[in-house]
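In what follows, a single structure is set out as C-alpha cells and then discussed.
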Amino acid sequence: MVAFQHFTNMHDVELKPRLLRSLLKDQVPDEKRPFKSPSDLSRVINLVQTHKLLSESFTETIEEKRIQHWKSSFDEWVERLLTLVTINSQPADSRFVKVASCNSISDMITRLGGSSNSQKDGTPLAGKIMQPMLMLLTEDSSEAVWEGAVHLLCTIITYFPAAVQRHYDSAEEAIAFTIVYRKCSAAMLKKFACCLALLPKSKGDEDSWFIMMQKILLLVNSELSDIFQGLEEEI
C-alpha cells in the first residue's frame, strides 16, 4: 500500500503514466517478443479503455512536470503501436494485431479530437501515424486490415485533417488503386469510396473536391474506352 499512498484515485494523473508504462514493459510485444495469443492483446486494450489511459485532462493546478511525464508515456505507447502495425515478423495472428492496433489508435485519435485543446499535440501525432497506415493499405492483402486502416484514415481526416496534407497524394493513390485494381467485397469497396470522398476535406478548399471529381471522371472514361475498344469497327 505504501507504493500507492501518493495517488488520490484511479484517475490520478501520476498513476496513469505508470500503468501505461507497466503495460508496455510487461504485456505489450515488440519485434522480438510477440503476443502469446490474441486474447493477450484484447486484455491490454480492455485495460487501456477501462482506465482511460490514453485520455487525460489537466487542470491549471497540475504541475508541468506531471503533464510532461504523462505525455512521455503517451508517446512511448504510440511508438510501440506504430511498430506493431508495421511489423512483418509476427506469427499467424499478425493480422489480428494490426487490426487491433489500428482500432486502438483510432480510438485514441477520437479521444484527442474531442478535446478543444488537442490540435497542437494531436496533429503531429496523427502525422506520425499516416505513413505506417498507408503501408497497410498498399502492402497488406487482408480486407480486415484494410478496413482497420481505412477507418483509421477516416478518423484522422475527421479530427486532424492538417495531418493528412503531406500524404494527400499517397493516400489518394493507395485508395484509388485498391478500388480499381484489387479484388474487394462490395462492402469494402463502399468503405474505400467513402474514404476517398472524405479525403479532400484535409485540404479544406473547393478546388480539391473539383479536382477529385475530374480524376474520377477521367478514370471512368479511360476504363470505358478500354472496354469498348474495337466495337466501333464491328458496328
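Scanning for something hydrophobic (A, V, I, L, M, F, W, C), modelled with pLDDT of 80 or more and in a helix (DSSP H, G or I), does region 90-97 turn up at least one residue? Within region 90-97 (the criterion being hydrophobic (A, V, I, L, M, F, W, C), modelled with pLDDT of 80 or more and in a helix (DSSP H, G or I)), the answer is no, since none of the residues qualifies. Residues of region 172-194 that are crowded, with 16+ Cβ neighbours inside 10 Å and either of a type in the set (Asp, Glu) or under 16 Å from Leu219 (Cβ atoms) (or both): Glu172, Ala174, Ile175, Ala176, Thr178, Ile179, Phe192. Is there any pair with a first residue in region 202-222 that is farther than 26 Å from Ala163 by Cβ and a second that is assigned to a helix (DSSP H, G or I) and among the aliphatic types (A, V, I, L, M) whose Cβ atoms are under 8 Å apart and which are 6 or more apart or on different chains, and what are they? The qualifying pairs are Leu219/Ala176; Leu219/Val180.
Selection within region 19-48: residues that are among the aliphatic types (A, V, I, L, M), open to solvent by 30 Å² or more (accessible area, probe 1.4 Å) and modelled with pLDDT of 80 or more. The member of this set that is nearest to Glu64 (Cα to Cα) is Leu19. Scanning region 141-162 for residues that are under 10 Å from the mean Cα position of the chain (by Cα) and farther than 20 Å from Lys201 by Cβ returns a single hit, Gly148. Residues that are farther than 16 Å from Lys98 by Cα, open to solvent by less than 90 Å² (accessible area, probe 1.4 Å), among the charged types (D, E, K, R) and at pLDDT below 80: does region 10-18 have at least one? Yes, because at least one residue in region 10-18 is farther than 16 Å from Lys98 by Cα, open to solvent by less than 90 Å² (accessible area, probe 1.4 Å), among the charged types (D, E, K, R) and at pLDDT below 80.
The values are calculated or read from the model by the stated rules, or taken from the named source; none is laboratory data. If you're wondering where the values come from, they're calculated on a predicted model, not measured in any experiment. Glycine gets a Cβ as well: all are built from the backbone with ideal geometry, and neighbour counts include every protein chain shown. The area values use the complete protein model at the heavy-atom level, side chains included, leaving out ligands, DNA and RNA. Shrake-Rupley method; radii C 1.70, N 1.55, O 1.52, S 1.80 Å.
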